[in-house]
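Peer 1: Take this structure first; my questions come after.
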Amino acid sequence: MTASFTTTITVDASAQDAFDAINDVSGWWGRTTGSTTEVGGEFVYVVPGLHYSGFRVTELEPGRRVAWLVTGSHLDFVADKQEWNGTTVRFDILEGEGGTRVVFTHDGLTSDDDCYDICTNAWGMFVNGSLKARIETGEGAPYVFGGDEELTAADHDELHSQVAAAKARVGGAV
């Protein structure tokens with residue numbers, strides 16, 4: 001069995017500061033819609049024409065852990081568009097003497113996946129660069145694209161419909 005992707009950063013900030021920054025997903029990753037700050041909350045990350053993924057928040061332990069289940073996805077750049085479905089994105093936060101460590105793991109994203117190289121490069125850029133900066137300075141470098149940066153309620157509903165349709169195509173509830 002191939003190991004899931006993991007990367008670790010050490011930040012000069014408290015565990016609670018790291019936790020708060022992780023939950024400000026649009027402040028370090030990019031365009032989202034929905035709720036990221038309560039267990040059971042659902043949100044969608046989207047890069048139009050390239051990638052969208054629906055997430056359900058499954059764990060929120062202040063200063064310790066954040067986890068999101070991928071409930072549906074569409075990766076336009078690989079053959080298996082729903083490759084992330086059923087995987088989990090997790091942040092384990094450990095405060096210590098040398099700073100606070102954030103261990104990022106995408107459970108289920110392995111070297112056997114078509115998107116592994118592209119996805120791990122992107123996760124590395126966002127976690128090791130943008131999230132680290134967001135935690136330490138308050139300013140991340142989320143993905144930005146041209147056009148309206150705000151999603152309307154109708155956009156939100158449509159993205160959730162697309163996630164549900166992707167989930168139905170692979171025949172299962174996530």
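Peer 1: When the accessible area of region 1-94 is computed with all protein chains present and a 1.4 Å probe, what percentage of it is carbon and sulfur?
Peer 2: Carbon with sulfur: 47 percent of the solvent-accessible area.
Peer 1: Please sort by residue number the GluC sites (Glu not before Pro) in region 51-106 whose DSSP state is loop and whose Cβ has at most 13 other Cβ atoms within 10 Å.
Peer 2: Qualifying residues, ordered by number: GLU97.
Peer 1: Right, another one. Is there a quick way to get the dipole size of region 10-128? I mean about its Cα centre, with the Cβ of Lys and Arg at +1 and of Asp and Glu at -1; what is the value in debye to the nearest 20?
Peer 2: That gives a dipole near 220 debye.
Peer 1: I would also like to ask the following. Taking the solvent-accessible surface of protein heavy atoms with a 1.4 Å probe, what is the per residue accessible area of region 46-125 in Å²?
Peer 2: It amounts to 41 Å² per residue over region 46-125.
Peer 1: A further question on this structure: May I ask you to evaluate 6.51 cos²θ - 1.76 cosθ + 1.60, the Karplus curve with θ = phi - 60°, for each residue of region 86-103 and list the ³J(HN,Hα) values in order in whole Hz, giving x for glycine and proline?
Peer 2: For region 86-103, the Karplus-derived couplings read x, 7, 10, 9, 9, 10, 9, 10, 10, 7, x, 5, x, x, 9, 8, 10, 9 Hz, x marking Gly and Pro.
Peer 1: With θ set to phi - 60°, apply the Karplus curve 6.51 cos²θ - 1.76 cosθ + 1.60 along region 122-134 and write out the HN-Hα couplings as whole Hz, x wherever there is a Gly or Pro.
Peer 2: 5, 4, x, 5, 6, 6, 6, x, 5, 5, 4, 5, 4
Peer 1: With the Cα gyration tensor of region 37-135 giving a ≥ b ≥ c as the square roots of its eigenvalues, does the rule (a/c under 1.5 for rounded; else a/b larger than b/c for prolate; else oblate) give rounded, prolate or oblate?
Peer 2: In terms of gyration-tensor shape, prolate.
The values are calculated or read from the model by the stated rules, or taken from the named source; none is laboratory data. None of these values were measured; they are calculated from a predicted model. Positions of Cβ are backbone-derived with ideal geometry, glycine not excepted, and every protein chain shown enters the neighbour counts. With ligands, DNA and RNA removed, areas are computed over all heavy atoms of the protein, side chains included. Shrake-Rupley method; radii C 1.70, N 1.55, O 1.52, S 1.80 Å.
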